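One structure below.
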Amino acid sequence: MTTGTTRIGVAGALLASAIWAIAWPGTAAAEDPHSEGPPAAAAKTVLVLPTRVPDADAASRATFDLLIATSLQELGFAVVDNEKTAAALDASTPDLAQARELYLGLRFPEALEAARAIRVDILSHHGDLLCDSRLTEAELLMVRTLLDLGELEEARSLAGAVLEREPGLRLDPVESPPAMQALWVAALEKRSGMQPKEQAADDLVAIGKAAGAAYAVAATAKRTPDGVGWLVLQIVPTAGPGGPSRHPMALGARGTWARAVRLKLEERFPPPPSEVAATPVVPVVPPGPTDGKKKVWYKSWWFWTGVGIVVVGGAVVGIAVGVDRSGGGNNGSIDAEF
């Protein structure tokens with residue numbers, strides 16, 4: 001009696017499981033979600049140009065550059081390396097060795113032309129936007145050569161252009177003759193208090209495309225007469241929809257830079273909403289008035305209530321009978337059946 005009743009309970013449970021699997025094929029998939037979803041979209045690339053800063057803030061430029069690049073990376077962008085981009089764009093640019101040899105040989109006109117040709121080549125690839133170090137070397141050689149040729153005005157103008165791009169640049173007194181040092185000091189005094197110019201949108205598009213980046217981001221730091229710092233972010237897409245945008249922000253203490261920059265970047269590039277996978281829950285709907293659609297019998301509440309009663313009833317009866325017979329010392333046979 002016990003064995004038969006127990007088998008009825010087990011069979012009922014197995015039958016209910018089988019019917020459930022057939023009636024609700026999507027349940028198992030919902031409880032065991034796919035561990036590997038579709039591949040994530042490739043990160044868009046962005047070219048972050050060196051920040052233009054006033055002379056007094058020259059030491060802070062690297063901080064701005066790193067802050068902007070880090071914030072963009074946190075928003076899912078892949079930041080293009082400036083130095084590698086400059087090297088790739090100017091791969092065919094000749095070395096300055098020949099121009100230096102011409103200068104040391106006192107062949108000043110030929111040295112000037114050689115250095116000027118290198119400068120024009122780098123500028124054609126927008127190396128000034130990337131602050132290409134080779135461009136600075138070529139221009140410094142030109143300034144020195146112009147001084148030796150007596151072209152003082154052109155030397156002053158070129159020195160000012162170099163300092164506009166590299167406001168923190170100072171000459172080595174050992175390598176630079178007194179005339180060069182004096183010219184540099186005068187150029188620094190002339191630029192004192194001047195605000196850097198913002199980048200031209202067309203230039204940003206051109207350099208962004210050349211670097212293979214989806215966006216070009218440039219920043220310009222400025223100071224008001226009373227010393228309040230401002231940072232202007234320029235964001236330019238190189239292709240596709242959307243136009244350039246300009247985002248000015250006031251900079252308070254140094255510790256507020258990160259928050260201000262991050263908020264402005266999030267305005268332009270809102271982070272995607274977090275995708276939280278939730279297991280779908282099938283609500284239990286009490287019987288009510290029909291809506292004209294035919295109900296499927298194996299999805300009705302009364303069917304599953306009946307199945308539950310049969311399963312639970314069979315198991316309870318089997319256990320009760322087994323316990324009743326356990327007093328007769330037949331525990332081993334009951335355990336063996338399970």
field: Area projected by the alpha carbon convex hull of the range 206-258, averaged over all directions, nm²
entry: 4.6
- prompt: For the range 62-200, what does the alpha-carbon gyration tensor say about shape, rounded, prolate or oblate, given a ≥ b ≥ c as the root eigenvalues, a/c under 1.5 as rounded, and a/b over b/c as prolate?
  reply: oblate
query: Can you list the HN-Hα couplings for the range 182-195, worked out from phi with the Karplus curve (6.51, -1.76, 1.60; θ = phi - 60°), rounded to whole Hz and with x for Gly and Pro?
result: 5, 4, 5, 4, 5, 5, 5, 5, 5, 8, 4, x, 7, 8
message: Please compare each pair in 44/209; 84/209; 190/264; 44/264 to a cut-off of 22 Å on the Cα-Cα distance and tell me which ones are over it.
response: 190/264
query: Which order results if 79, 120 are arranged by neighbouring Cβ count within 10 Å, fewest first?
result: 120, 79
query: With the contact rule set at Cα under 8 Å and sequence spacing of 6 or more, what percent relative contact order holds for the range 185-250?
result: 26
Likely footprinting exposure, 142, 180, fewest C-beta neighbours within 10 Å first: 180, 142
statement: Between residue 123 and residue 259, Cβ-based FRET efficiency (R0 45 Å, step 0.05) works out to 0.80
query: What is the spin-label model distance, in nm, from residue 174 to residue 153 if the labels are put 7 Å beyond Cα along the C-beta direction?
result: 3.7
statement: Residue-ordered couplings for the range 203-217, obtained by feeding phi - 60° into the Karplus form 6.51 cos²θ - 1.76 cosθ + 1.60 and rounding to whole Hz (Gly and Pro as x), are 5, 5, 4, 5, 6, x, 5, 4, 7, x, 9, 6, 9, 10, 10
For the range 61-75, Karplus couplings with θ = phi - 60° (6.51, -1.76, 1.60), whole Hz, Gly/Pro x: 4, 4, 5, 4, 4, 5, 5, 5, 4, 5, 4, 5, 5, 5, 8
field: FRET efficiency estimate (nearest 0.05) - Cβ-Cβ, residue 186 to residue 268, R0 35 angstrom
entry: 0.30
- request: Could you please state, rounded to a whole Å, how far the C-alpha centre of the range 183-243 is from the C-alpha centre of the range 50-79?
  value: 12
task: Please list the non-local residues whose amide H lies under 5 Å from the amide H of residue 48, H modeled 1.01 Å from N, same-chain partners needing a gap of 5 or more.
output: 80, 217
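Throughout, read-outs are computed from the coordinates displayed, never taken from laboratory work. From a predicted model like this one, the values you see are computed outputs, not experimental measurements. Positions of Cβ are backbone-derived with ideal geometry, glycine not excepted, and every protein chain shown enters the neighbour counts.
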